[in-house]
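Please read the structure below before turning to the comments.
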């Protein structure tokens, strides 16, 4: 009986911790960083934040005078073998989720457990676009050259490179005809999600972001406020 009580007490502590953590994470997502970032005429470069309702991607020009992603990425490696891309999106996340869970209905308990507790590797999801349209789920952000370079550096540094070459994941688990996956650094977990990564990218560029967030809504909230 004593052992049972200890187990129940332990589980109660664990549950209490996660409840407190989720409350903190939710509250922190409403606190803005870089809220009063200076706006000036030099902020003439556009990027986008894009969500599928759960996951936030950072969408950048595939190439421009400031940064050329063609140095590292090849859109002809996609199933569509496209070579007309003008935009490229980046989403960092758990490798198991990406490759084994194209839809929430495909989610397996083992995949979720590994993702939550640092037991799985990560991947970078790269998708190419000819055009990007502003909507409730896709918001334009203006940057200056320095901010843009800082964001590109942040993204590039999360790829797992081999002698400065990005490592493509050979898989048939693509989400569509215009995307690929690459090996990435770091491990997804309960305290650092795909949205946390995207939010930190905005922070690294000195852009408005949530103080901390686990969810896409924590990012979009600050750009939908007037």
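The values are calculated or read from the model by the stated rules, or taken from the named source; none is laboratory data. The structure displayed is predicted, hence computed values, not measured ones. Note that each Cβ is placed from the backbone with ideal geometry, even for glycine, and that neighbours are counted across all protein chains shown.
Worth a mention:
- Candidates 35, 6 - the one that is modelled with pLDDT under 85, out of contact with any strand residue (DSSP E or B) (no Cβ under 6 Å at 6 or more places or on another chain), part of a loop (DSSP other than H, G, I, E, B) and farther than 21 Å from residue 155 by Cα: 35
- Filter result (assigned to a loop (DSSP other than H, G, I, E, B), touching a residue at least 24 places away in the same chain (Cβ under 8 Å) and closer than 27 Å to residue 77 by Cα) within the stretch 138-173: 160, 169, 171, 173
- Selection status of residue 176, more than 12 Å from residue 124 (Cα to Cα), assigned to a loop (DSSP other than H, G, I, E, B) and touching a residue at least 24 places away in the same chain (Cβ under 8 Å): yes
The rows are residues; the columns are (1) at pLDDT below 80; (2) closer than 23 Å to residue 95 by Cβ.
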{"site": "39", "(1), (2)": "yes, no"}
{"site": "45", "(1), (2)": "no, no"}
{"site": "49", "(1), (2)": "no, yes"}
{"site": "52", "(1), (2)": "no, yes"}
{"site": "56", "(1), (2)": "no, yes"}
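Conditions tested, residue by residue: (1) in contact with a helix residue (DSSP H, G or I) (Cβ under 7 Å, 6 or more places away or on another chain); (2) closer than 16 Å to residue 143 by Cβ; (3) part of a strand (DSSP E or B); (4) in contact (Cβ under 8 Å) with a residue 60 or more places away in the chain.
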site	(1), (2), (3), (4)
49	yes, yes, yes, yes
53	no, no, no, yes
59	no, yes, yes, yes
66	yes, yes, no, yes
73	no, no, no, yes
80	no, no, no, yes
83	yes, no, no, no
90	yes, yes, yes, yes
